[in-house]
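Written below as structure tokens is the structure these notes are about.
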Amino acid sequence: MSDTISRIETFLVAPRWLLVRVETREGLVGWGEATCEGRSETVRVAVEQLAEVAIGTEPGRIEDLWQVMTKGSFYRGGPILASAVSGIDQALWDILGKRLGVPVHQLLGGAVRDRIRIYGWIGGDEPAGVAEAASAARGAGLSAIKMNATGVLGGLPSTRDLNEAVARAEAAREAMGDDGDIAIDFHGRVSFPAARLLVKALEPVRPMFIEEPVVPENSHLFGDLVAHTHLPIATGERLYSRQEFLPVLAAGVAVVQPDLSHAGGITETRKIASLAEAHGALLAPHCPLGPIALAACLQVGFATPNHVIQEQSLGIHYNRDADLLDLLVDTAPLSAANGHVERWDSPGLGIELDEAAVRLADRTPHGWRGPIWRHLDGSFAEW
């Protein structure tokens with residue numbers, strides 16, 4: 001009889017991650033990450049429900065199990081289920097690579113590049129001190145950074161609001177230099193009228209891309225924004241399937257940003273990347289998360305022709321109680337040099353977690369929540 005999945009466990013560990021451990025009857029172990037920021041406890045329950053159909057199945061039948069997990073219930077889709085599927089899916093690819101003694105990128109067709117360019121976050125939810133932070137990132141070897149465009153922003157921003165947003169971007173641009181890049185994240189917190197104003201105002205700064213200029217519920221507005229500017233428009237961290245990416249790609253979005261812990265894991269992200277390639281778009285996966293999610297992103301990136309750059313969370317403002325590399329036995333695979341991570345060939349996802357440290361951290365599980373913001377008039381504001 002073929003090996004079968006025998007146990008699936010989850011671990012809520014600081015700063016805001018949900019890790020998934022899948023074990024087979026023969027003792028192979030794979031790790032995934034199902035973090036859904038602010039909703040990870042809910043995802044934990046969803047993983048437990050998916051375990052009902054996963055346990056007893058063959059771990060190497062990844063596509064078949066993905067189909068069952070995503071479509072085996074009449075009500076399907078959305079961030080909770082997709083994140084739960086993502087964590088299990090990553091772990092199954094990890095197991096398959098370990099069983100065959102090859103890295104996941106080899107299973108995806110082999111490497112198309114030797115290293116991957118990365119970027120880091122500067123500022124915080126309310127961007128401040130970006131010039132100093134950009135200089136520090138540049139000094140640490142990063143050639144690209146990302147920052148929020150604004151904090152709380154009214155539906156019709158004042159000239160002062162726009163000028164301050166541009167000034168912060170200009171300060172970051174000066175620190176990074178002409179041979180460095182800055183990406184500017186609107187974070188879905190900017191209204192459509194404000195987005196049209198702010199995108200035009202930022203054009204002289206020449207950002208690498210403008211991210212999530214409107215909330216994903218308003219994806220029908222991307223065509224207007226794309227036509228409104230020559231700047232590359234990026235989106236996708238809150239889109240969870242090929243079907244949800246299709247209309248924004250048809251609208252001309254230049255960079256897609258599926259999150260491998262939200263968008264169906266390695267299995268679905270590879271399909272999203274192929275769909276993007278057919279539309280002439282580039283892949284830059286969203287990943288302000290933990291080491292397993294980053295390793296999965298990099299494995300996909302090593303084997304994906306239209307992959308362009310990778311987000312990573314080292315030093316991000318969310319990582320207050322733990323940081324990206326803390327749970328690794330060996331930090332070398334995910335360590336950057338000259339703004340790039342070199343390809344490595346260890347089996348599976350290619351990283352080793354300190355399992356004892358993971359189990360210890362789960363004894364005091366996090367309860368991370370995003371902030372609730374309000375406008376000056378007391379009404380709800382997008383974070």
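The values are calculated or read from the model by the stated rules, or taken from the named source; none is laboratory data. Bear in mind that the values here come from a model prediction, so they are computed numbers and not experimental data. Cβ sites come from the backbone with ideal geometry, for glycine too, and all protein chains shown count toward neighbours. Side chains are part of the model used for accessible areas, which takes the heavy atoms of the whole protein and leaves out ligands, DNA and RNA. Shrake-Rupley method; radii C 1.70, N 1.55, O 1.52, S 1.80 Å.
A few comments on the model shown:
- Think of a 1.4 Å ball rolled over the protein heavy atoms: the chain then has 40 Å² of accessible area per residue.
- Under-5 Å amide H pairs with Arg115, H placed in peptide plane, nonlocal only: Arg343
- For segment 376-383, 3J(HN,Hα) per residue [Karplus equation, 6.51 cos²θ - 1.76 cosθ + 1.60, θ = phi - 60°, Hz, x = Gly/Pro]: 4, 7, x, 7, 4, 10, 5, 8
- Most to least accessible of His220, His375 (protein chains only, probe 1.4 Å): His220, His375
- Along segment 225-232 the Karplus relation, 6.51 cos²θ - 1.76 cosθ + 1.60 evaluated at θ = phi - 60°, assigns HN-Hα couplings of 5, 4, 6, 7, 8, 8, 6, x Hz to successive residues, with x for each Gly and Pro.
- Mean projected area of the convex hull spanned by the Cα atoms of segment 73-203, taken over all viewing directions: 12.3 nm².
- Residues whose placed amide H lies under 5 Å from that of Glu352, excluding near-sequence neighbours: Val329, Asp330
- Using a probe of 1.4 Å on the protein chains alone, the accessible area found for Ser219 is around 20 Å².
- Under-5 Å amide H pairs with Gly315, H placed in peptide plane, nonlocal only: Leu324
- Student exercise, segment 231-381 dipole from Lys, Arg, Asp, Glu Cβ charges, in Debye to nearest 20: 460 debye
- Exposure ranking of Val358, Val29, Val68 by accessible area [1.4 Å probe, largest first]: Val68, Val29, Val358
- Solvent exposure ordering (accessible area, 1.4 Å, most first) of Leu314, Leu376: Leu376, Leu314
- In the complete set of protein chains, residue-level accessible area for Glu382 is approximately 70 Å², probe 1.4 angstrom.
- Phi-based couplings in Hz for segment 309-324 (Karplus 6.51, -1.76, 1.60; Gly and Pro marked x): 6, 10, 6, 8, 9, 4, x, 5, 5, 6, 7, 8, 9, 6, 10, 3
- Applying a length cut-off of 24 Å (Cα extent along the axis) and a mean Kyte-Doolittle floor of 0.5 to the DSSP H helices of the chain leaves 79-100.
- In this structure Tyr240 has an accessible area near 50 Å², from a 1.4 Å probe over the protein heavy atoms.
- Summary value for the chain: 21 percent relative contact order, contacts being C-alpha pairs under 8 angstrom separated by 6+ residues.
- Share antiparallel - DSSP beta bridges, the chain, percent rounded to 5: 50 percent
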